[in-house]
Amino acid sequence: MPKKWLQITLSCILFVSVSTAAVSQIDNKTIADLYSQIELFSYALTTIQSEYVDEKTPQDLIYGSLQGMLGALDPHSQFLTPDDYKDLKTETQGKFGGLGIEISIRDGLLTVVTPIEDTPAWRVGMQAGDRIVKIEDELTKDITLSDAVKKLRGEPGTEVNVTVLREREFKLHDFSIVREIIRIQDVKDPQILTDNIGYVRLTEFREDSHHEIHKVLAELRKEGANSLIFDLRNNPGGLLNIAISITEEFLPEGQVIVSTKGRRESQTMITKSEASPDKILDWPIVIMINEGSASGSEILAGALQDNKRAVILGTQSFGKGSVQSVIPLPDGSGLRLTTSKYFTPSGRSIHGKGITPDVDVDRIYPEEEDEVDENGKKEKKIEEVFENIKTEEIENKQKADIEKKKHEARKRLLEDNQVQSAISVIKGIRIFKEFDTTG
């Protein structure tokens, strides 16, 4: 055996020895089985080194082995090379050149969890549940998540061609998408829709989301809101601690929010709501979800559903209910490893199942206006720009534009059939409460 391969084999055995000694939960039989398989692994390494047609570096082989090992576990576990590890840190900062989609492997296929609003993927018409079958004419069969992310991301301003299968139509759609720096606005369209019913939409659980939601709820209360429609449609999740903090806004102290269960005792936890001021405990609430609602959205919806604190309306959520821990390795690489799964307060598993709404309402999209009308609108907008070009009118026009956007957002929401259903549910809850009080 060449000296360098002897060193690699000994290093592998030493690593396993240290790891197994550190994990007291592994029994002696498992350790013995592991040692016997390490012998097989070292034999394969030396055979590849001596017989493979092209010479490979030790790092190539070890990294490839780790990628295969993690990929064999589940779609969310993966080995991160040093570059992948850096990319992961970039992703958590919420600013990168990409398309604006959350993706996952589902049923062995690369699947869009949700397109993020106001991003390139959203603007071209990609939808939650789309199966990405080709990226730049290369089939995505057996692709890993990390490889898919590498292919989809790139320099802002560059184009990528994607083919998706939309299963409900059983039709292929081709998209040419120009990458952009992705900047995400978490909280959108806060307002009172009608009859003191407040509305707010959360697009993702990020660092500032809890602060923003708390502020919006206080403002809605000042404006006279006494009930809430909380829109989590196409919210792919985000930071677990932020999802828990926002859930606490609506639950009294001591209520179970979520539990996580893993193989080790340290991975099994029950999280309960803590005391905090200005909680919203008396408003009727409707949580809106759809197939693009995942992870943190499902934790929030499941917690309020099980605690009888909100009515869940919409369609079945995505079903992403596993916890990934990122474990750094000595050379700058890392493991993204599934270590536990989420469960709702009643013990329901979210993973692979999702949250079933109390009121099942499919989204009905309005018919698109014909091209002539749309072109006419564009011509009218261009004329308006020239009419209002005078410097003294700019400030007034900006204020008018803000009000116009608010009015358009409100009109769009009131025409949304799922929002209409949510309003009806809240009105029904109010009537029931009044009847219950007078009775």
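The values are calculated or read from the model by the stated rules, or taken from the named source; none is laboratory data. Owing to the predicted nature of the structure, the values given are computational and were not obtained by experimental measurement. Don't worry about glycine lacking a Cβ; one is built from the backbone with ideal geometry, like all the others, and counts go over all protein chains shown.
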For the range 301-341, enumerate the residues that are over 21 Å from ALA243 (Cα atoms) and either free of Cβ contacts under 8 Å to residues at least 60 places away in the same chain or among the polar types (S, T, N, Q) (or both).
ILE327, LEU329, PRO330, SER333
Answer from SER349, SER333, SER325 - the residue that is within 22 Å of the chain's Cα centre (by Cα), of a type in the set (Ser, Thr, Tyr) and either surrounded by 15 or more Cβ atoms within 10 Å (Cβ to Cβ) or at pLDDT 90 or above (or both):
SER349
Whichever residue in the range 190-215 is farther than 17 Å from ILE299 by Cβ and hydroxyl-bearing (Ser, Thr, Tyr) and, among such residues, is surrounded by the most Cβ atoms within 10 Å (Cβ to Cβ)
TYR199
For ASN196, state whether it is in the same structural domain as LYS272 (by TED's automatic domain parsing) and without any contact (Cβ under 8 Å) to a residue 60 or more places away in the chain.
yes
Among (1) assigned to a strand (DSSP E or B); (2) in contact (Cβ under 8 Å) with a residue 40 or more places away in the chain, VAL149 falls short only on (1)
Do we have ASP87 as touching a Leu at 6+ places or on another chain (Cβ under 9 Å), among the charged types (D, E, K, R) and modelled with pLDDT of 65 or more here?
yes
Wholly enclosed strands (runs of 3 or more DSSP E) of the range 216-300 bearing at least 3 residues buried (at least 23 other Cβ atoms within 10 Å of the Cβ) and in contact (Cβ under 8 Å) with a residue 12 or more places away in the chain:
227-231, 285-289
Taking into account only those residues within the range 52-68 that are β-branched (Val, Ile, Thr) and not in a helix (DSSP H, G or I), which is farthest from SER333 (Cα to Cα)?
VAL53
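So that you can scan it fast, the table gives a plain yes or no per residue for (1) outside the structural domain of SER104 (by TED's automatic domain parsing); (2) modelled with pLDDT of 95 or more; (3) not in a loop (DSSP other than H, G, I, E, B):
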{"position": "GLY129", "(1), (2), (3)": "no, no, no"}
{"position": "GLY154", "(1), (2), (3)": "no, no, no"}
{"position": "LEU172", "(1), (2), (3)": "no, no, yes"}
{"position": "SER176", "(1), (2), (3)": "no, yes, yes"}
Hey, could you check the range 160-176 for residues that are of a type outside the set (D, E, K, R) and out of contact with any Gly (no Cβ under 9 Å at 6 or more places or on another chain) and say which is surrounded by the fewest Cβ atoms within 10 Å (Cβ to Cβ)?
PHE170
Strands (runs of 3 or more DSSP E) lying entirely in the range 302-349 (those with 2 or more residues that are over 30 Å from ILE229 (Cα atoms) and of a type in the set (A, V, I, L, M)):
322-328, 334-343
